[in-house]
Amino acid sequence: MSFVEYGDTIQDGDTAIVFLGHESMFPVKVQHGTVTQTKYGVIRHSTDLIGKKYGSKVTCSKGGWVFILHPTPELWTLNLPHRTQILYSTDISIITMMLELKPGSIVCESGTGSGSLSHALIRTVAPTGHLYTVEFHQQRAEKAREEFREHGVEHLVTVTNQDVCKNGFGVSNIADAVFLDIPSPWEAIGHAKAALKAEGGRICSFSPCIEQVQRTCLAMEEYGFTEINTLEILLRVYNVRTISLQIPDLGKAAEDNSSSGFDSSSPSNQGSPCANLQQGTVQFKSGVPLREMVGHTGYLTFATKSLV
């Protein structure tokens with residue numbers, strides 16, 4: 001199993017996603033002889049999981065069933081153990097696009113945190129690219145290395161435990177892009193510039209506070225970065241539903257129906273538009289925004305390394 005290469009069959013040692021519903025799923029490490037408890041009963045790894053195909057419908061001991069899904073960076077973001085605050089797919093997608101990442105890209109990241117963005121970056125740059133990720137906290141760095149190894153992507157990522165503001169990324173003039181998610185990103189701009197290729201590259205900084213953005217932009221200008229711009233991404237979800245509305249009775253529809261001999265009681269005419277008009281209602285699809293939505297997460301500041 002690998003997060004960047006799809007495997008058809010569940011193997012011992014894989015990380016799989018147990019899907020109970022869109023609002024209820026969790027990761028599980030498949031191990032021979034182990035059982036997993038769910039609200040629908042027990043899942044026995046040896047008989048219910050190992051050797052089965054990903055996407056299979058598995059019946060639990062109480063008669064309920066779940067689906068077993070192959071892990072992806074998107075599913076991992078929704079189910080990973082939180083060691084820090086994480087980035088979600090809304091921000092991750094714009095970061096990947098604005099940094100112009102592709103297979104073969106070299107990316108530097110700080111800090112690693114819970115690895116949400118890291119998994120997405122690795123999948124994007126695979127199979128020939130590489131991620132250099134720096135984490136200040138030693139235990140989080142060790143846990144990230146362990147997860148990357150379990151997820152079959154350790155050959156695509158190098159985890160370093162150090163302070164990026166003091167010691168940089170440990171590489172020079174090789175990165176196509178740099179991403180910063182640290183409390184004081186302005187202190188790491190110089191190291192980010194040194195890590196980027198001499199012919200240029202892109203940088204992104206994620207900060208929750210506008211004061212951080214202001215200081216980071218000033219540092220970017222000081223180090224000669226150009227095309228500096230800041231974005232805030234807000235996802236607004238719409239609920240699509242069928243609604244019925246009354247239509248005004250202007251008399252014309254009734255006159256036309258009577259003159260043409262239209263019989264709304266006839267079974268053959270029950271579903272016709274004329275029947276709806278006769279009853280004074282019409283149905284159509286409507287998109288209505290949800291009453292609640294995810295608000296501010298952070299500001300994304302992008303810039304380009306100048307060739308001058």
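The values are calculated or read from the model by the stated rules, or taken from the named source; none is laboratory data. Predicted model, so just to flag it, every value in this text is computed and none were measured. FYI the Cβ positions are ideal-geometry reconstructions off the backbone, even for glycines, and counts take in every protein chain you see. Remember, those area values only see protein heavy atoms, side chains included, never the ligands or the DNA or RNA. Shrake-Rupley method; radii C 1.70, N 1.55, O 1.52, S 1.80 Å.
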Per residue, how many Å² of accessible area does the chain show with a 1.4 Å probe? 54 Å²
Per residue, how much space in cubic angstrom lies within the convex hull of the C-alpha atoms of the range 58-202? 121 Å³
Accessible-area value, residue 292, 1.4 Å probe, nucleic acids and ligands omitted, Å²: 150 Å²
If I model a spin label at residue 291 and residue 40 as a point 7 Å from the Cα along the Cα→Cβ vector, what separation in nanometres do I get? 3.1 nm
Options 50, 61, 17, ranked by Cα towards positive dipole end of the range 1-88, top entry (Cβ charges): 61
Taking a 1.4 Å probe, which of 88, 6, 132 shows the most accessible area, and what order do the others take after it? 6, 88, 132
Output needed: percent of Cα pairs per 10 Å distance bin for the range 1-140, bins running from 0 to the one holding the longest distance. 11, 36, 31, 18, 3
Net charge dipole size for the range 1-98 [Lys, Arg +1 and Asp, Glu -1 on Cβ; Debye, nearest 20]: 400 debye
Using the basic label-point model (7 angstrom from Cα toward the beta carbon), what is the residue 82 to residue 184 distance in nanometres? 2.7 nm
Report, in deg cm²/dmol and to the nearest 500, the calculated mean residue ellipticity at 222 nm for the chain, where each DSSP H run with n ≥ 4 adds -39500 (n - 2.57) and the sum is divided by the residue count. -7500 deg cm²/dmol
List 291, 241, ordered by accessible area with a 1.4 Å probe, largest first: 291, 241
Per the charge dipole of the chain (beta-carbon charges, Lys/Arg positive, Asp/Glu negative, Cα centre), the residue among 28, 304, 284 reaching farthest to the positive end is 28
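Computed FRET efficiency, Cβ-Cβ of residue 24 and residue 167, R0 51 Å: what is it to the nearest 0.05?
Between residue 24 and residue 167 the formula returns 0.75.
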Let me know the charge dipole size of the chain about its Cα centre in debye, to the nearest 20, where only the beta-carbon of Lys, Arg (+1) and Asp, Glu (-1) is charged. 640 debye
Determine the gain in length on full extension of the stretch residue 210-residue 232; use 0.36 nm per residue of separation and subtract their C-alpha separation, reporting nm with one decimal. 6.8 nm
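With a 1.4 Å probe and all protein chains in place, put 222, 5 in order of accessible area, largest first.
Ranking 222, 5 by accessible area, largest first, yields 222, 5.
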If the reach is capped at under 19 angstrom between alpha carbons, list the lysines near residue 53, excluding any in the same chain fewer than eight residues apart. 29
Share of accessible surface on carbon and sulfur in the chain, whole %, 1.4 Å probe and ligands ignored, is 52 percent
Each label sits 7 Å from Cα toward the beta-carbon; between residue 90 and residue 72 the label points are separated, in nm, by 2.0 nm
Quote the charge dipole size of the range 97-195 about the Cα centre in Debye, to the nearest 20; the model charges only the Cβ of Lys and Arg (+1) and of Asp and Glu (-1). 120 debye
